[in-house]
Protein chains: 2
Amino acid sequence: MTPTDPPRPTGARPPRVLVLDDSPRPDLTALSGRAEVAYADASSLAARLPTADALLVWDFTSDAVRHSWPGGGGRPGWVHTASAGVDRLLPELAASDVVITNARGVFDQPIAEYVSGLVLAMAKDFHRTWEFQREHAWRHRETKRVAGTRAAVIGSGPIGRAIGRTLMALGVAVELVGRRERTGDPEFGTVRAADDLDSLLPSADWVVCAAPLTPATEGLFDAAAFGRMKPGAHFVNIGRGRHVVTADLVAALESGRLGGAALDVLEEEPLPGDSPLWRVPGLLISPHMSGDTIGWRDDLARQFVENFDRWVAGEPLLNVVDKHLGYVTDTPSPATPTPAGGPQ
Amino acid sequence: MTPTDPPRPTGARPPRVLVLDDSPRPDLTALSGRAEVAYADASSLAARLPTADALLVWDFTSDAVRHSWPGGGGRPGWVHTASAGVDRLLPELAASDVVITNARGVFDQPIAEYVSGLVLAMAKDFHRTWEFQREHAWRHRETKRVAGTRAAVIGSGPIGRAIGRTLMALGVAVELVGRRERTGDPEFGTVRAADDLDSLLPSADWVVCAAPLTPATEGLFDAAAFGRMKPGAHFVNIGRGRHVVTADLVAALESGRLGGAALDVLEEEPLPGDSPLWRVPGLLISPHMSGDTIGWRDDLARQFVENFDRWVAGEPLLNVVDKHLGYVTDTPSPATPTPAGGPQ
């Protein structure tokens, strides 16, 4: 489904912007006098949605929008989520004519740094070195070179590209994997098709998942995929927890098939304290923070305000999500939301 | 002192190569039939040195060479150390006419990767994340961007240059600091003089010591230096332990002046199990392994054999150390050792 033009604000009163968050946190002072900003939490969202012109999903960890989305009648014409992934909005919102925009761009370089740090940390075995430090043990080991190794980065959007670019700067040969094969990419040459993943896994030292979560990518990393990976390869997931069949990853680590793995995203977040995952040997867990560098919330708020300005001016919104694919494509159809001065 | 020509092998018998190590470990099979290879440990070194034409310091953690070096008479004309630093050979060997060569080149890229990994790990706070993992605690935090930060890399030899290059590839602005100022460097623009270090420290987010240990650099990082650093800056030492006044570093960490530090080298190695350093908050300790990637010993042996071949052929040796400065300069005087077919 290609994006359509959402209603743009044309009425006499300022447009109503509803923000999904437990407490008013984003700095939207730039909207003062130009928008009527209200907040809702998961419990009040359904009641407030019908009178909103636009919805800012600030608490992007919530499934409330999908579950509260009105089946018809009054509802916002534009939903912006302060996240790269839109999986928590789908499929319900895809069935309506709402325009969805996302935080494309904010997380690219931070996540690329995080992933490169994980790759280097795993190559240099920092985790065990610091375990030995706790034991006051001086244990010299030989570690891996990163330059000259090979990575497969699954996800050819801006996050995957930034990861690939940063790994290449460290001397890693990178295969970028998208939905379809594309030749002539100025940075990556041929972007490989997801259908070719099976042929790429056996030669990759590092397999990085940076894909959007869609029906096509859910459970992509299962026993079959781990079984195809090079013995001793390392796996990194900064996409979504449900890209991975976690039990299969654990089995691949426990069997020694994989050299290690790092998960910044998990099927259940926050991971409960009694989860056995915390203690799987060779598994590094971080709390969904790979893209969240100091100032990220300011960047997210600025990004929304920029799109708000475009909306009010009748200009095409940035970062319009293809609701069928579940992410922003490189050649989006510009969508110009035109919220009327009242409930839609 | 500029290098002089050491004696090259000209006699009828193969030259005698003495290897300092507790057990015969380097793969020198390439020398079969072309050299008479013998091994010595610290206790037998003094007795064997007078009859050796060349000495390979394979155990570069030993001070035995300096302490066993003959005051005169028979001794090797060429000493090769399988390390980048030659501080364990000086000053005793500098007073003789021996030619010293080192392992320049082998460690550059591995150490650059290690340091970049440490910088990213400190920026992304991996250490605390993995502590939280041990506690089964999901603790989201905001972390630092690396791109856009500033680093001062002290040491403008190939290791410092490789570190600077790799950090620049990650978007870090790098000031490289050498003994003297040099302008027009193709990669770093102006290489700053050590005398200017005081003016560089206040603006550096990352201060990396990659200098050779010489009288000029010993104790360079003391209370005064840490006091000049930017509050919250991070310090990394992959040079030698004695570059740092360790007590001053500990004080700078405990006062909160520094954001963190990583030491791969220490004043005492191995660090004793009862050292309080193991438990200093914000201090990451690794056991002098930053350059030791898989295959490093093979690389070191190949490098010695290559120089041996040059020695026998009467060609200038590679990586001749300026014994006065304590490292290989960029414009070395070629030294052609000519060991006679017998004790020198």
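The values are calculated or read from the model by the stated rules, or taken from the named source; none is laboratory data. Values in this document were obtained by computation on a predicted structure and should not be read as measured data. We place every Cβ from the backbone using ideal geometry, glycine too, and count neighbours over all the protein chains shown.
Data table
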{"item": "Which listed residue is on the phi > 0 side of the Ramachandran plot and over 23 Å from the mean Cα position of the chain (by Cα), from A:Gly227, A:Gly219, A:Gly189", "result": "A:Gly189"}
{"item": "Evaluation of B:Thr61 against (1) within 14 Å of chain A (Cβ to nearest Cβ); (2) closer than 29 Å to A:Val106 by Cα; (3) surrounded by fewer than 19 Cβ atoms within 10 Å (Cβ to Cβ) (one fails), failing number", "result": "(2)"}
{"item": "Test for A:Val79: is it closer than 17 Å to A:Asn307 by Cβ and either more than 9 Å from every other protein chain (Cβ to nearest Cβ) or touching a residue at least 40 places away in the same chain (Cβ under 8 Å) (or both)", "result": "yes"}
{"item": "Residue in segment B:247-263 that is over 27 Å from A:Glu135 (Cα atoms) and not small (Gly, Ala, Ser) present", "result": "no"}
{"item": "Scan of segment B:148-160 for residues that are out of contact with any Ser or Thr (no Cβ under 9 Å at 6 or more places or on another chain) and either within 14 Å of another protein chain (Cβ to nearest Cβ) or more than 15 Å from B:Ala194 (Cα to Cα) (or both), ordered by number", "result": "B:Gly148, B:Thr149, B:Pro158, B:Ile159"}
{"item": "Failed item in (1) under 30 Å from B:Val172 (Cα atoms); (2) at the interface with another protein chain (Cβ under 7 Å from one of its Cβ atoms), with A:Gly85 passing the rest", "result": "(2)"}
{"item": "Qualifying residues in segment A:170-210 (those that are touching a residue at least 40 places away in the same chain (Cβ under 8 Å) and of a type in the set (Gly, Ala, Ser)) - the one surrounded by the fewest Cβ atoms within 10 Å (Cβ to Cβ)", "result": "A:Ser203"}
{"item": "Any hit, segment A:84-96, residues being more than 30 Å from A:Ser290 (Cα to Cα) and not aromatic (Phe, Trp, Tyr)", "result": "yes"}
{"item": "All positions within segment B:296-308 that are within 9 Å of chain A (Cβ to nearest Cβ) and either over 23 Å from B:Ala35 (Cβ atoms) or buried (at least 19 other Cβ atoms within 10 Å of the Cβ) (or both)", "result": "B:Trp296"}
{"item": "Residues that are surrounded by fewer than 18 Cβ atoms within 10 Å (Cβ to Cβ), hydrophobic (A, V, I, L, M, F, W, C) and not in a helix (DSSP H, G or I), drawn from segment B:309-329", "result": "B:Leu325"}
{"item": "Any hit, segment A:43-59, residues being modelled with pLDDT of 95 or more, among the small types (Gly, Ala, Ser) and within 23 Å of the chain's Cα centre (by Cα)", "result": "yes"}
{"item": "Top-ranked residue of segment A:124-136 - restricted to ones that are at the interface with chain B (Cβ under 7 Å from one of its Cβ atoms) and over 14 Å from A:Leu283 (Cα atoms), ranked as nearest to the chain's Cα centre (by Cα)", "result": "A:Lys124"}
{"item": "Tally, over segment A:268-282, of residues that are touching a helix residue (DSSP H, G or I) at 6+ places or on another chain (Cβ under 8 Å) and either buried (at least 16 other Cβ atoms within 10 Å of the Cβ) or not assigned by TED's automatic domain parsing to the domain that holds A:Ala123 (or both)", "result": "5"}
{"item": "Residue count for segment B:71-86, restricted to those that are more than 16 Å from B:Pro6 (Cα to Cα) and surrounded by fewer than 24 Cβ atoms within 10 Å (Cβ to Cβ)", "result": "4"}
{"item": "Residue in segment A:238-256 that is surrounded by the most Cβ atoms within 10 Å (Cβ to Cβ), counting only those that are in contact with a helix residue (DSSP H, G or I) (Cβ under 6 Å, 6 or more places away or on another chain) and more than 14 Å from every other protein chain (Cβ to nearest Cβ)", "result": "A:Ala252"}
{"item": "Among residues of segment A:139-156, those that are surrounded by fewer than 21 Cβ atoms within 10 Å (Cβ to Cβ) and within 25 Å of A:Asp108 (Cβ to Cβ), counted", "result": "3"}
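Every residue, every condition in (1) in contact with a helix residue (DSSP H, G or I) (Cβ under 7 Å, 6 or more places away or on another chain); (2) not assigned by TED's automatic domain parsing to the domain that holds A:Asp264, yes or no:
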site: A:Asp53; (1), (2): no, yes
site: A:Asp59; (1), (2): no, yes
site: A:His67; (1), (2): no, yes
site: A:Gly74; (1), (2): yes, yes
site: A:Asp87; (1), (2): no, yes
site: A:Glu142; (1), (2): yes, no
